[in-house]
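See structure below.
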Amino acid sequence: MNTAVQHLSRGTPRNSATSPRADRKGQILLAAERLFAQYGFHAVSIRQIAQEAQVPLALVGYHYGQKQDLFHAIFEHWSGTIAERLLGLQAVQSQKHSRQKLQRIVEAFISPVIKLRSSPEGESYAMLMTKGLSPQSDEADRVLRDFFDPMAEAFISALHETLVAEFPDAQVTLGTAAWSYQFGLGVLLHHLSDTRVARLSQGQCIPNDPNVQTHLVQFIVHGIRGAVPSFHPRPTKRRLS
């Protein structure tokens, strides 16, 4: 197994706590996750987290230290989701190249997150990914570098390899693959957080609907394929007069 995957698989399930002390530590983590997801990192105080968790104020610092360390601990706890995405990518990469490979890469990237967003226990964390990391502040940058950048680099590398095989005449660069990853990520994060679609569709669309995953995958796949020629246009031949 990939070393990064082994490291990320060490997260402990929330329901594994067996002692009152472990329960209170878990309560703090859950409370911080809910509050950060709802109000943002800077709008939440340690005192508010202690009140939400119904624990003494000093216990938050005892278990997690500074507020930014508590923020980091939330993502460490959920690192198994990143490991699941990387394992899915490894399974795809072990296959020979085919027309379906790009779609399978995108599925490996978004499927675990869509599943998490639709679960009661994962809803706050999924929202925290969309709100807590988008400002790319110091505390968010640390999380991105420690957890998400290694995964992003793995998916960008896979996209690059696949797009090179699909577009042999285009000389696809790593930069094109990185933009493709970023555009796909933006679509995913918007789907996770948006509620406006219900109003715009006059109630025909359900916000964060996991049943539209197939459409989301196809949108990203076709978007990437459609963008590659614009990144690498063929040189126009000069007509002889």
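Does residue 123 satisfy the condition of being in contact with a Phe, Trp or Tyr (Cβ under 6 Å, 6 or more places away or on another chain), at pLDDT below 95, open to solvent by 10 Å² or more (accessible area, probe 1.4 Å) and not small (Gly, Ala, Ser)? No: the conditions fail for residue 123.
Taking each residue of the range 189-216 that is more than 20 Å from residue 124 (Cα to Cα) and in contact (Cβ under 8 Å) with a residue 24 or more places away in the chain and looking for partners that are surrounded by 13 or more Cβ atoms within 10 Å (Cβ to Cβ) and of a type in the set (A, V, I, L, M) with beta-carbon atoms closer than 9 Å, six or more apart or interchain, yields 216/106; 216/110; 216/114; 216/187; 216/188. If the condition is being surrounded by fewer than 20 Cβ atoms within 10 Å (Cβ to Cβ) and assigned to a loop (DSSP other than H, G, I, E, B), then the range 151-196 contributes 167, 168, 169, 170, 171, 173, 194, 195, 196. Restricting attention to the range 95-127, the residues that are under 22 Å from residue 209 (Cβ atoms) and either part of a loop (DSSP other than H, G, I, E, B) or not charged (D, E, K, R) (or both) add up to 19. Every residue in the range 104-120 that is surrounded by 17 or more Cβ atoms within 10 Å (Cβ to Cβ) and over 13 Å from the mean Cα position of the chain (by Cα), please. Listed by number, the residues that qualify are 104, 105. Beta carbons closer than 7 Å, at least 6 apart along the sequence or on distinct chains, pair a first residue in the range 86-103 that is closer than 18 Å to residue 168 by Cα with a second that is open to solvent by 30 Å² or more (accessible area, probe 1.4 Å) and in a helix (DSSP H, G or I) for 97/165; 102/166. Scanning the range 24-53 for residues that are open to solvent by 30 Å² or more (accessible area, probe 1.4 Å), modelled with pLDDT under 95 and farther than 19 Å from residue 121 by Cα turns up 42, 43.
Filtered by the rule that a residue be open to solvent by less than 90 Å² (accessible area, probe 1.4 Å) and at negative phi, the range 197-213 gives 197, 198, 201, 205, 207, 209, 210, 212, 213.
The values are calculated or read from the model by the stated rules, or taken from the named source; none is laboratory data. Every value quoted in this text rests on a predicted model; they were computed, and no experiment measured them. Because the Cβ atoms are built from the backbone with ideal geometry, glycine has one as well, and the counts that use them run over all protein chains shown. The protein model used for the area step is the full one, side chains on, heavy atoms only, and it has no ligands, DNA or RNA in it. Shrake-Rupley method; radii C 1.70, N 1.55, O 1.52, S 1.80 Å.
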